[in-house]
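Trainee: Starting off with a structure, shown below.
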Amino acid sequence: MGELAEALSRLRAAIGAAAYPLVMPSADEARRIGKALVSQIDDYLLPRLARLDAPLLVVVGGSTGAGKSTLVNSLVRAPVSAAGVLRPTTRSPVLVGHPDDMPWFRKGELLPGLVRTTVSSSDPRTLQLVTAPALGPGLAFLDAPDIDSVVEGNRKLAAQLLAAADLWLFVTTAARYADAVPWELLTTARLRGTVIALVLDRVPPEAAGEISAHLREMLAEHDMAAAPLFVLPEVQLGGQALLPEDVTRPLHDWFEKLAADATARSAVVRQTLDGALAALGPAVDGLADASDDQSVAASALDERVTAAYRTAKRTVADGLQDGRLLRGEVLARWQEFVGTGEFLRSLESRVGHLRDRVVAALTGRPAPGRNLRHALESQLVTLLRGVSSDAAEQAFAAWQAHPAGSALLEPPMRKPAADLPERADRLVRDWQHWVLELVREEAGDKRFVARAGAYAVNGVGLAVMIAVFTSTAFIPTGAEVAVGAGTTLAAQKLLEAIFGDQAIRTLAGRARENLLTRVDELLDSEAARFTDRTAAAGLELEPGGTLRQAADEVERTRDELALTTAGDG
């Protein structure tokens, strides 16, 4: 028993740890079933595994007004459970047993979540313990709330108690035996392997044969033909509102015989316990599937965000290649910075004199450099803000179309983070500073930098930035020449004159790579506004695996133990 109890405890922990935080069609049902399974393991399976020889618990359940309490009182020949015409009558469960059996039930190992009391209570969290000397030792009755009570708490408690039964005594009436709710619970009990007996109460004598025959047909249709059926006629109650002894005699004798036969009791306990353990596998399989649904949904949501921001990153990369950033203000400021059209034409024929011309231009006219730098910054920030806005809108719309995503959204997520403009500005300024430092480091002790100082570094740095905004590292295409009007060639000649062809390509490549890395980080932080919400769910990579493995271990140890064929050892 010890190995099975350990495996069951591990399964209980796995079920308790499983979460279904995303809104999915399977989530609500998984939470309900998971809670019910944890309750059954705590309330019944673990305590019963620890004490197979403990008194057999008969849970008396049924529909509203079926006469459960009256039947319990009549079986023990004392008014131990309140009965009446007002509904719901039974608010808290009442457990009736022989005085010798009370220590086991008082210990609280069975149904540990219910507080033991010896007085009547309307608190559904209590379990009233009542001794009945007329009831033989080895068997106890638990009068449960109505399974179809108008009070939801009563219905949930009734289901919880039925899951803790060694034997379920289902009580119905001639008027209610075909109702849907009882049959749903009867089917659940059968699937769990719970031993079931039925009482058909308040049957008019003239209709007893017809009704009982129909009920037996229904039992056979539901694979419960072997369940004992006791038919009680409609009679007047006697003293203390009890059924006459001759009416309850067949049922009383059946229970008396069961209580006196330890082997028979053990067989009932083992059959119900084994059935409940066997039913765990399919139930946990459903939980594992629901857990997998959560993981798949989280991955799908993350992928939709990734796709939106991947498009944003690609748009920025394309913008650094197709010349679009060289239009307008940037182009005008670049031409202003380099000089007139005549100066640009002179670059091709007088590259040898470029150093002095650039130094003179830069030292005499610092303002165009600042204007160009600001234009570059503005153009790039505008691009970043645009792609961030588009990506946020796309990610928001994609999540809105998914049930789990829609529940995670908040209206501000439709737009970029409030501080995105500030972070984009800072990104571009930091990158521009990095480019200037790169130029300074690469130039080293070249005489050009020594002669021109900061102006040369700024000039070359700006030329590198312009070059980054083109597609093929200074090999101008027709489109770029048309857009830039010689801009790319000017940047190429300027840098070649200082560093040489390969150095130019290296500088431009490094600057572009650094900029894209910074952009990726910025957009990743924007995407995290979405993906942090799925990460907060704490879903495992393969969440269903732990549940399935734990359930398989319980099933393996159950098979090895062979409860329904083994002795009490």
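Trainee: Kindly establish whether residue 484 is crowded, with 18+ Cβ neighbours inside 10 Å, under 22 Å from residue 376 (Cα atoms) and at pLDDT 60 or above.
Mentor: No.
Trainee: Now for a separate question. Scan the stretch 67-107 for residues that are modelled with pLDDT under 85 and not β-branched (Val, Ile, Thr) and jot them down.
Mentor: 81, 82, 83, 84, 86, 87, 88, 91, 92
Trainee: Further question on the same structure: Scan the stretch 216-226 and give yes if some residue there is in a helix (DSSP H, G or I), at pLDDT 90 or above and surrounded by 16 or more Cβ atoms within 10 Å (Cβ to Cβ), otherwise no.
Mentor: Within the stretch 216-226, one or more residues are in a helix (DSSP H, G or I), at pLDDT 90 or above and surrounded by 16 or more Cβ atoms within 10 Å (Cβ to Cβ).
Trainee: Hey, another quick one. Return the pair list, or none, for Cβ contacts closer than 6 Å from residues in the stretch 227-244 that are on the phi > 0 side of the Ramachandran plot to residues that are part of a loop (DSSP other than H, G, I, E, B), at least 6 apart or on different chains.
Mentor: Pairs found: 240/79.
Trainee: Here's something else I'd like to know. Report whether or not residue 43 is touching a Gly at 6+ places or on another chain (Cβ under 8 Å) and either in the same structural domain as residue 192 (by TED's automatic domain parsing) or not β-branched (Val, Ile, Thr) (or both).
Mentor: So residue 43 fits the description; yes.
Trainee: For residue 143, state whether it is acidic (Asp, Glu), in the same structural domain as residue 253 (by TED's automatic domain parsing) and either surrounded by fewer than 22 Cβ atoms within 10 Å (Cβ to Cβ) or farther than 22 Å from residue 240 by Cβ (or both).
Mentor: no
Trainee: Okay, next question. What's the number of the only condition in (1) more than 21 Å from residue 187 (Cα to Cα); (2) of a type outside the set (S, T, N, Q); (3) in contact with a Lys or Arg (Cβ under 8 Å, 6 or more places away or on another chain); (4) not assigned by TED's automatic domain parsing to the domain that holds residue 565 that residue 238 fails to meet?
Mentor: Going through (1) more than 21 Å from residue 187 (Cα to Cα); (2) of a type outside the set (S, T, N, Q); (3) in contact with a Lys or Arg (Cβ under 8 Å, 6 or more places away or on another chain); (4) not assigned by TED's automatic domain parsing to the domain that holds residue 565 one by one, residue 238 breaks only (3).
Trainee: Right, next: Within the stretch 374-388, does at least one residue satisfy the condition of being part of a loop (DSSP other than H, G, I, E, B) and either under 15 Å from residue 519 (Cα atoms) or at pLDDT 90 or above (or both)?
Mentor: no
Trainee: For the stretch 143-152, indicate whether the set of residues that are farther than 24 Å from residue 49 by Cβ and under 29 Å from the mean Cα position of the chain (by Cα) is non-empty.
Mentor: Yes, there is a match, as at least one residue in the stretch 143-152 is farther than 24 Å from residue 49 by Cβ and under 29 Å from the mean Cα position of the chain (by Cα).
Trainee: Oh, and also: Hey, could you check the stretch 233-244 for residues that are part of a helix (DSSP H, G or I) and not polar (S, T, N, Q) and say which is modelled with the highest pLDDT?
Mentor: 241
Trainee: Take residue 180 and tell me if it is more than 43 Å from the chain's Cα centre (by Cα) and surrounded by fewer than 17 Cβ atoms within 10 Å (Cβ to Cβ).
Mentor: Here the answer is no, as residue 180 does not meet what is asked.
Trainee: Going by what's in this entry, would residue 247 be described as part of a helix (DSSP H, G or I), at pLDDT 95 or above and of a type in the set (Val, Ile, Thr)?
Mentor: No; evaluated as a whole, the condition is false for this residue.
Trainee: Do we have residue 230 as within 17 Å of residue 59 (Cα to Cα), at pLDDT 90 or above, in contact with a Pro (Cβ under 8 Å, 6 or more places away or on another chain) and hydrophobic (A, V, I, L, M, F, W, C) here?
Mentor: yes
Trainee: Let me ask something else. Could we say that residue 23 is in contact with a Lys or Arg (Cβ under 8 Å, 6 or more places away or on another chain) and surrounded by fewer than 22 Cβ atoms within 10 Å (Cβ to Cβ) here?
Mentor: So residue 23 does not fit the description; no.
Trainee: Please specify each residue of the stretch 288-313 satisfying the condition of being closer than 27 Å to residue 517 by Cβ and without any contact (Cβ under 8 Å) to a residue 40 or more places away in the chain.
Mentor: 299, 303, 310
Trainee: Follow-up. Under 33 Å from the mean Cα position of the chain (by Cα), under 25 Å from residue 265 (Cα atoms) and not assigned by TED's automatic domain parsing to the domain that holds residue 42, is that true of residue 161?
Mentor: Spelling it out, residue 161 is indeed under 33 Å from the mean Cα position of the chain (by Cα), under 25 Å from residue 265 (Cα atoms) and not assigned by TED's automatic domain parsing to the domain that holds residue 42.
Trainee: Inspect all residues belonging to the stretch 56-67 and state whether any of them is under 29 Å from the mean Cα position of the chain (by Cα) and surrounded by 20 or more Cβ atoms within 10 Å (Cβ to Cβ).
Mentor: no
Trainee: Select from the stretch 180-199 the residues that are closer than 21 Å to residue 45 by Cα and touching a strand residue (DSSP E or B) at 6+ places or on another chain (Cβ under 8 Å) and list them in ascending order.
Mentor: Across the stretch 180-199, the qualifying residues are 185, 186, 189, 190, 194, 195, 196, 197.
The values are calculated or read from the model by the stated rules, or taken from the named source; none is laboratory data. Computed from a predicted structure; not experimentally measured. Note that we place each Cβ from the backbone using ideal geometry, even for glycine, and neighbour counts take in every protein chain shown.
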